[in-house]
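The values are calculated or read from the model by the stated rules, or taken from the named source; none is laboratory data. No experiment lies behind these values; they were computed from the predicted model shown. Note: ideal-geometry Cβ built from the backbone for every residue, glycine included; neighbour counts use all protein chains shown.
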Amino acid sequence: MSVAGVGKIQVLPGEVVSRIAAGEVVERPAAVVKELIDNSLDAGSTRITIEVTDGGRRMIKVTDDGEGMGQADALLAFQRHATSKLRSEEDLLGIRTLGFRGEALPSIASVSKVRMVTACRHEPVGTRMLVTGGTITKTEEAAAAPGTQIEVTDLFFNTPARRKFLKASTTEFSHLCQIVQQAALAWPRTQFRLRHNGQDVLEYSPVSSLRDRVLQIYGARFLKDIIAVREERPGFLLEGFTVNPVRTRAGRSPQDLFVNRRPVKNATVAHAVYDGYGGHLSKGQHPVFVLFLAVDPDRVDVNVHPTKREVRFADQDMIHQSVRQVIRGALRGRSEELGMPIPADSRGEWPRPGSTAAGEPPHDSMRPAAQQTMAHDTGRDDRPTAMAAGEPTQTYLIGPGCEVIPMGQIGRTFLVAQVGSELHVIDQHTAHERVLYERLWRAWQARGVQSQPLLIPEPVDLPPHGATILEEHLADLATLGLELESFGANSFVIRAVPALLGQFDYSTLVQDLVEDLAQWNAASSLETRVRPVLASLACHGAVRAGRALDPSESKRLIEDWVEESLPMTCPHGRRVALRLPAEELARIFGRA
Ligand SMILES: Nc1ncnc2c1ncn2[C@@H]1O[C@H](COP(=O)(O)OP(=O)(O)O)[C@@H](O)[C@H]1O
Ligand SMILES: [Mg+2]
């Protein structure tokens, strides 16, 4: 509505602008922690301690031993677009610090209560400040150790709508753990400590190599499965670790990518890594990696996302090609371990099914994105993954109840059998996996997954954020027949497992389940939440490739699979069987 002479457009008051802007930077407690850690790192700190209560919803305190601020700077730090890291527009082209927008402190302060104590190394006194909802309410001199301490309490106290969107303490804390771990990976020489509700949760002492930091964060088991990568080219350096091709997994965690030491998501690099693995990744499998990419600061735009979690490369094609080649090169060094020679064509590339003559993959068909959908949609997908040459595509005329005559096993992996009038070669693992999955799924739908208590409960230890996630889903897992009990800080005991599954390594299962559970809240329906978990249960419970099966076991497995209507893919999308109907055999041998 506008009155004559008075327009309807008004400039918003400063504090409203601040709160709107804060919404972009400060999404949740983890975002506050990220900004504060970034500032501490930019200030050259060697020790950073993060203390939080209630998943950061109540209090977040970050203490560093960096260069600190004098009083004049301390006052300016809470003003919007006040920064010591950028002087002119040209500086935007070559950013070497983590911060540069001068937005974090004012944004955080506008939606919380902040107390800051800071002191420069050679100055006799420091400064203490209180800021409430963006307004500085107190500034005074204070005795303080060199460095900066910023305490943020009551996040979103003045924006109730945002406060409502905060998740449970455990969820917020698990996001926050990941922020700390990412920072720790990028800065191995810096000490990081994280305390939650008065208890030490993470402690990473300074180390001199990335390998040692990876060991602290992901453990020895992870290090065993990865190979080192390092290659420098003009304007490009890629280093870190990526999974040994024989150890690719169904899970995607971790896939840590850093560009100029910033943790980012980037589809170009992710795609190039997948491409580097080429034929070593079957459908539904993923590489895990911790990779650091360094490029000239003026060839990458870090100013494309308010929380800086995305970047844009000036030389996208060069980056894609280089990453792919470096990964391939690193894997090629491992060819003996793969137990097979890796054929290289004249361009030194590995042939890849479906690859074009030019060898350059189309950038828009991002494989990670496609696989993401795969992993969440593990329902009835009966598409065979790839049709073998000459395999008939007509519909099959056999079904439940037909006769199964097992004929043997090839390489302890494939079962050969006559099923009805067809010749079948069946992957014992994927077939069994699909059977278990179908049965678990039906049992779950009928709310009747039977569980079988373990005679000796099995202990399992998890990293802190994994433990947090698991703790939150104990009741959900119980409905799936998996009974766990919390047992001290990050330990659990497995008490019962679904009766449909036999004996296997239960603790590895639980470790893998954490990845499925991390996606749980993102899924829209209960069905889509449960499916990946059931798929993991089925995968772990199924007979492995490499196990000898006697004819009666083979028969039983194939009959079960036939009873489930011969599904042609496992829940992760891998192929189950090759089928040759009698008519097809006749045709091949010139009898028809
Ligand atoms: N922990 C810290 N130690 C020293 N100086 C800091 C610290 N945190 C913030 N500052 C100062 O406050 C300024 C504003 O911080 P911030 O709002 O995060 O913006 P930016 O990091 O983008 O410059 C920084 O440029 C820096 O000079
Ligand atoms: Mg900053």
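Structure notes:
- Candidates in the range 19-38 are the residues that are surrounded by fewer than 23 Cβ atoms within 10 Å (Cβ to Cβ) and within 11 Å of ligand 1 (Cβ to nearest atom); of these, the one that is nearest to Thr148 (Cα to Cα) is Asp38.
- Qualifying residue in the range 25-36 (condition: more than 15 Å from ligand 2 (Cβ to nearest atom) and over 25 Å from the mean Cα position of the chain (by Cα)): no
- Note on the range 572-589: residues that are more than 20 Å from Leu436 (Cα to Cα), touching a Gly at 6+ places or on another chain (Cβ under 8 Å) and not in a helix (DSSP H, G or I) total 0.
- The range 109-131, residues that are β-branched (Val, Ile, Thr) and farther than 17 Å from Asp73 by Cβ: Val111
- Any hit, the range 84-98, residues being within 13 Å of ligand 2 (Cβ to nearest atom) and within 26 Å of Cys177 (Cα to Cα): yes
- Within the span defined as the range 216-226, every residue fails to be crowded, with 22+ Cβ neighbours inside 10 Å, at pLDDT below 95 and assigned to a helix (DSSP H, G or I).
- Matching residues in the range 76-109 - criterion: being outside any loop (DSSP other than H, G, I, E, B) and within 31 Å of the chain's Cα centre (by Cα): Leu92, Leu93, Gly94, Ala104, Leu105, Pro106, Ser107, Ile108, Ala109
- Against the list (1) within 16 Å of ligand 2 (Cβ to nearest atom); (2) at pLDDT 80 or above, the condition Arg121 fails is (1).
- Test: residue in the range 412-435 that is of a type in the set (Phe, Trp, Tyr) and either at pLDDT 90 or above or on the phi > 0 side of the Ramachandran plot (or both): yes
- Note on the range 545-571: among residues that are assigned to a loop (DSSP other than H, G, I, E, B), in contact (Cβ under 8 Å) with a residue 24 or more places away in the chain and out of contact with any helix residue (DSSP H, G or I) (no Cβ under 6 Å at 6 or more places or on another chain), the one that is surrounded by the most Cβ atoms within 10 Å (Cβ to Cβ) is Leu566.
- Test: residue in the range 44-59 that is within 30 Å of Glu141 (Cβ to Cβ), of a type in the set (Gly, Ala, Ser) and near ligand 1 (Cβ under 9 Å from one of its atoms): yes
- Cβ-Cβ under 7 Å pairs, at least 6 apart or on other chains, the range 24-39 side in a helix (DSSP H, G or I), far side within 11 Å of ligand 1 (Cβ to nearest atom) and not aliphatic (A, V, I, L, M): Val25/Glu35; Val25/Glu103; Val25/Ser107; Asp38/Gly99; Asn39/Gly99
- Selection count, the range 134-174, where residues are over 17 Å from Arg58 (Cβ atoms), away from ligand 1 (no atom under 16 Å from the Cβ) and either among the acidic types (Asp, Glu) or crowded, with 16+ Cβ neighbours inside 10 Å (or both): 2
- When Glu103, Glu89 are checked against the criterion of being near ligand 1 (Cβ under 10 Å from one of its atoms) and of a type in the set (Asp, Glu), a single residue qualifies: Glu103.
- Test result for Val131, more than 15 Å from ligand 2 (Cβ to nearest atom) and closer than 28 Å to Asn303 by Cβ: yes
- Every test in (1) touching a helix residue (DSSP H, G or I) at 6+ places or on another chain (Cβ under 9 Å); (2) part of a helix (DSSP H, G or I); (3) over 19 Å from Gly481 (Cβ atoms); (4) of a type outside the set (Ser, Thr, Tyr) is passed by Ala592 save one, and that test is (2).
- Assessment of the range 474-491 against the conditions (touching a Pro at 6+ places or on another chain (Cβ under 7 Å) and either at positive phi or in a helix (DSSP H, G or I) (or both)) yields at least one matching residue.
- Any chance Ala119 is over 18 Å from Thr190 (Cβ atoms), buried (at least 21 other Cβ atoms within 10 Å of the Cβ), more than 9 Å from ligand 1 (Cβ to nearest atom) and of a type outside the set (S, T, N, Q): yes
- One residue stands out among those in the range 227-249 that are assigned to a strand (DSSP E or B) and among the basic types (Lys, Arg): the one that is surrounded by the fewest Cβ atoms within 10 Å (Cβ to Cβ), which is Arg233.
- Any hit, the range 250-272, residues being surrounded by fewer than 16 Cβ atoms within 10 Å (Cβ to Cβ) and more than 30 Å from Leu93 (Cα to Cα): no
- Residues (buried (at least 24 other Cβ atoms within 10 Å of the Cβ) and either free of Cβ contacts under 8 Å to residues at least 12 places away in the same chain or more than 16 Å from ligand 2 (Cβ to nearest atom) (or both)) located in the range 40-64: Val52, Gly55, Gly56
- For the range 534-564, the set of residues classified as among the hydrophobic types (A, V, I, L, M, F, W, C), modelled with pLDDT of 90 or more and out of contact with any His (no Cβ under 9 Å at 6 or more places or on another chain) consists of Leu534, Leu537, Ala548, Leu549, listed by residue number.
- Residues being among the β-branched types (Val, Ile, Thr) and modelled with pLDDT under 95 - total across the range 1-53: 9
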